[in-house]
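Worksheet: the structure to be examined is printed underneath.
No value in this document is a laboratory result; all are computed from the given coordinates. The model shown is predicted, which means the values in this text are computed figures rather than measured ones. In this analysis, Cβ positions are derived from the backbone assuming ideal geometry, glycine residues included, and neighbour counts consider all displayed protein chains.
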């Protein structure tokens, strides 16, 4: 009787798999940091990509991105999409809005072939890691936030616990920052968002903190948040401005130290010129006297 029950349960499991077309093990989870490029593999692709259709779904709104091997042009992010030679979906410059549920489907003669290949795309995003860095000083309090955008059909807390997802901050050496460290205040209002708050020190100049996400103890994605502070009373300048400043300093120093030498040379030259002029005038007078004496002698 027990054996029959086991066979009956096994049959139900197989039937359920056939009806749904996929199981949880068939789903692929891809983690990516915002700003990077991602490659979504189509595991059920046929040799001819003309049968491949990619569908994007989030909040129950399905959008066809690729239809039978042809990219749709009437969608917002079509310029960032491309179909790989292996029928994979490539997305450039990922944004937090790209997270969601992607399906790769195959059609032959308008008939779907086999189950869909499912991919969950999770995007790690840090709003404060922008390239335009704001100058801040030691003693200032700074807060850096990091969020994992995911679409799983369940609450973020439930999904993180079941899939063993963890968000945390590390310092420049890669050491995990702990809540027990009195210098850092780490808060997680939701398990998919984590915030680091600290008061900056002088040695934090150009320091970098990183937000990382792991899935089952494997590192999946990282985003960087530069401290970028200035020292006390200093102003952070660009390399070009700094080079120009050094040139100006050199010119000023040269002018200050060279000016007395130039003036002295001018005085010496003037004196020499004066001596030459005096000698020239004496020669003219002597020549005139000699010529006058010669004229007197010849007249006598």
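Of note:
- Here the relative contact order of the range 67-191, from alpha carbon pairs under 8 Å that lie six or more residues apart, stands at 16 percent.
- Full extension of the chain segment joining residue 154 with residue 205 gains 14.2 nm, where the gain is 0.36 nm per residue of separation less the Cα-Cα distance.
- Percentage relative contact order, the range 23-123, counting C-alpha pairs under 8 Å, at least six apart: 38 percent
- Quarter the surface of the alpha carbon convex hull of the range 23-123 and you get the mean projected area, 6.3 square nanometres.
- With a Förster radius of 30 Å applied to the C-beta separation of residue 161 and residue 113, the computed FRET efficiency comes to 0.25.
- Spin-label pair residue 48/residue 77, simplified geometry with 7 Å Cα→Cβ offset, distance in nm: 3.0 nm
- Computed FRET value (nearest 0.05) for residue 181 with residue 29, which takes r as the C-beta separation and R₀ as 30 Å: 0.45
- Between residue 224 and residue 95, residue separation times 0.36 nm minus the direct Cα-Cα distance comes to 44.9 nm.
- Theoretical FRET efficiency, 1/(1+(r/R0)^6), r = Cβ-Cβ of residue 173 and residue 215, R0 30 Å, to 0.05: 0.85
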